[in-house]
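Written out below as C-alpha cells is the structure these notes cover.
What follows is calculated from the coordinates using simple rules that are stated; it is not laboratory data. Fair warning: this is a prediction, and the values are worked out from it, not measured in the lab. Positions of Cβ are backbone-derived with ideal geometry, glycine not excepted, and every protein chain shown enters the neighbour counts.
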Amino acid sequence: MRKLITLAFYSLLLTAAGCSRPVSLTVTDEVINPCYLGNGVEWDPYDEALSWGSGVSEEDWNKLFERLDYMKPQYVRCMINSPFTYFDGEGFDDNRNVAYLKKLLGYCQENDILVVYGEYNPPTWEMKDSPAWVKASVQHLNYLVGENGFTCIKYFVIFNEPDGDWASPNGDFAFWKGMVGDFQAEMSLYPALADVRIAGPDAVIGYRNGASAYDAEGWLRETVETVPQVGIYDMHAYPGQRLVRSGEFEKTLRGLKAIVGDAPIILGEAGYKYFSDPADAALAKEYWKRVEGHPFTKGGDCNMLVYDDFYALDMPLLLMSVMNAGFSGAAAWMLDDAMHSSGDSGKTEDIKLWGMWNILGAEVFGDPSQEDVRPWYYTWSLMCRHFPRGSRILKLSGALPSGVAAVAAQLPDGSYSVALVNFGSRDHTVALTLPVEAEGYTLQTFRTAVLESQAVSGSCFELPSQSFAIFAKE
C-alpha cells in the first residue's frame with residue numbers, strides 16, 4: 001500500500017479582492033488557553049527491536065532524526081517495558097539495554113522537547129505493589145535525569161492506563177492512588193527529581209472497566225480532588241470518526257477540562273478506533289479486510305487506515321478539538337510501527353501497526369516500502385511546527401460551514417497560525433482576518449497525497465474539499 005507523497009513548492013499571490021462569497025473568519029483576542037504546551041508524538045525506545053533480530057542502525061536513527069527535525073514535536077511521551085530494559089527477570093540493572101533510550105532522550109534534550117516518561121507496567125503483575133519495584137523504578141528515573149542529565153523529562157507516568165482491565169491495577173483507583181503516594185515519597189529522596197512531577201490518571205476517555213468504581217471522567221475527578229501529587233492531568237482518547245467530525249468529541253473534552261479548571265490537561269495518547277459506532281461500520285469493514293492474511297499484524301491493536309489520505313485530515317481534526325476545548329497538548333499514537341508488538345509479546349507477526357512509518361520495514365519485515373512516510377506525518381508535523389510551546393490558543397469568530405473545522409493561535413514571537421480542515425464535499429473560499437497585517441505568511445495545503453506551499457499576499461485563499469490547510473509564517 002505504498003503511497004508517493006510529493007512536496008511541491010510554488011508561489012501564488014492571492015488578494016482579498018479575489019474572494020468570491022467567502023467564509024469569513026476572524027482571529028479574536030479571546031484566549032482559550034494562555035500557554036499551550038504543544039503537540040507531539042508517542043516515541044518509545046524500540047525495546048523489542050533486538051529480540052526481533054535487528055537493531056536500529058545509525059542510518060535508521062539519522063532518518064528518524066531528519067524526519068523529527070521537520071516535525072518539531074513540542075513534547076514526546078516515552079514509555080518503557082522494564083522486562084526489555086532494566087529488569088532481567090531476577091534483578092535490576094540501570095545499564096541494561098539502555099542505549100536506545102539514551103539515544104531518544106538525547107535527541108529530546110538537545111532539541112528542547114518536553115518528555116512525559118514512564119513505565120507501561122511493573123516488571124511482573126505480582127510486583128505491581130512491590131516496594132522493591134518502586135525503589136528500582138525511581139532509581140532508574142534518577143539514573144536518567146540525575147546521572148545522565150536528561151532534564152527534558154518533566155513528568156512521570158507510573159502505570160499506563162490503570163483504569164483498564166488490561167493493566168495490572170485493573171481499574172482499582174484506591175490502589176493507584178496509594179501507589180502514586182509511594183512513588184512520590186521515593187522520588188522525594190532524590191534532589192535531581194525535584195522538578196519531575198507525576199502525570200495522571202492516564203485513563204481512557206469513553207471506556208469503563210466493569211471492575212472499577214469509576215469511568216474515565218470519574219477517574220479524572222477523583223484525581224483532581226484526592227491526589228495532590230499529580231503535576232499534570234493526562235488522559236488517552238481513541239474516538240471514532242463520526243464522534244470527532246460531529247463535534248461530540250470536543251464537547252466531551254470541554255467537560256473534562258472543566259473538571260481540572262485552570263490546571264493543564266493533555267492527551268498522552270490520541271488516535272482513532274472504528275469499532276463501536278455504527279456510523280463507522282464501513283471503515284471497520286475496510287480495516288478488517290486489510291488485516292486478513294496480513295504478514296505482520298493480526299489486527300488486535302493496530303490501525304490499518306493510517307496509510308490513507310483521510311487519516312491525514314482526521315488526525316489534525318482531532319487535534320483541533322483538543323486545542324479548542326482548552327487542553328494543553330496531545331501526543332499522537334504513534335510515531336513508528338517498529339516500537340511494539342501486541343501484548344509486548346515480542347512477536348513480529350503481530351505488531352502494533354499505528355505509526356507514521358516502520359523504520360525496520362526492510363530489516364525485520366521484508367517490506368522496504370513500510371519505511372516510507374505516510375500522509376498523516378505531514379499534517380501532524382505542521383500542527384506541531386506551527387503551534388509551538390507557549391502559544392496562546394485563541395477563539396475564532398465566524399460561521400464555519402458544515403464539514404469545516406479550524407483553530408488559531410498567537411505564537412510566542414507574536415505571529416499567528418490558523419489551521420483548517422475541510423472534510424466535506426464542497427470547496428470553500430476563506431477570508432481570514434488577523435489582528436495584524438498578513439504579510440510574510442504562507443499557506444500550506446494538503447490534498448490527495450500532495451503538500452503544496454504558497455506565498456500569499458492578503459489572507460483570502462481556497463480551501464478545497466478533503467483538504468488540510470495552515471496559514472502561518474514559516
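Some notes on this structure:
- Dipole in debye (nearest 20) - the chain, about Cα centre, beta carbon charges: Lys, Arg +1; Asp, Glu -1: 1420 debye
- Under the shape rule built on the C-alpha gyration tensor, where the axes satisfy a ≥ b ≥ c, the chain is prolate, since a/c reaches at least 1.5 and a/b is greater than b/c.
- Protection proxy ranking, highest mean first, for peptides 245-254, 122-131: 245-254, 122-131, where packing is the per-residue count of other beta-carbon atoms within 10 Å, averaged.
- Take every pair of alpha-carbon atoms less than 8 Å apart whose residues are at least six positions apart; their mean separation over the length of region 92-224 yields a relative contact order of 25 percent.
- When you restrict to C-alpha pairs under 8 Å that are six or more residues apart and normalise by the size of the chain, the relative contact order lands at 24 percent.
- Between ASP165 and LYS285, full extension at 0.36 nm per residue minus the direct alpha carbon distance yields a gain of 40.6 nm.
- Dipole of the chain [Lys/Arg +1, Asp/Glu -1 at C-beta], most positive-end residue of ALA185, ILE351, LEU400: LEU400
- Restraint check, LYS177/LYS273; LYS257/LYS395; LYS63/LYS103; LYS135/LYS177; LYS72/LYS103; LYS273/LYS298, Cα-Cα greater than 19 Å: LYS177/LYS273
- For the chain, the antiparallel share of DSSP beta bridges with both residues in that region comes to about 50%.
- Region 421-463 and region 64-127: distance between their alpha carbon centers, rounded to Å: 38 Å
- Sparse-neighbourhood loop sites, GluC sites (Glu not before Pro) in region 56-91 - DSSP loop, at most 12 other Cβ within 10 angstrom: GLU90
- Cα gyration tensor shape for region 30-82, rounded if a/c is under 1.5, else prolate or oblate: oblate
- Reachable aspartates and glutamates, given that their alpha-carbon falls under 15 Å from the alpha-carbon of LYS473 and they are not under 8 places away in the same chain: ASP413, GLU437, GLU439, GLU452
- Only the Cβ atoms of Lys and Arg (+1) and of Asp and Glu (-1) were treated as charged; on that basis the dipole of region 293-419 about its Cα centre amounts to roughly 740 debye.
- For LYS473 and THR151, a Förster radius of 51 Å and the Cβ-Cβ distance give a FRET efficiency of 0.95, rounded to the nearest 0.05.
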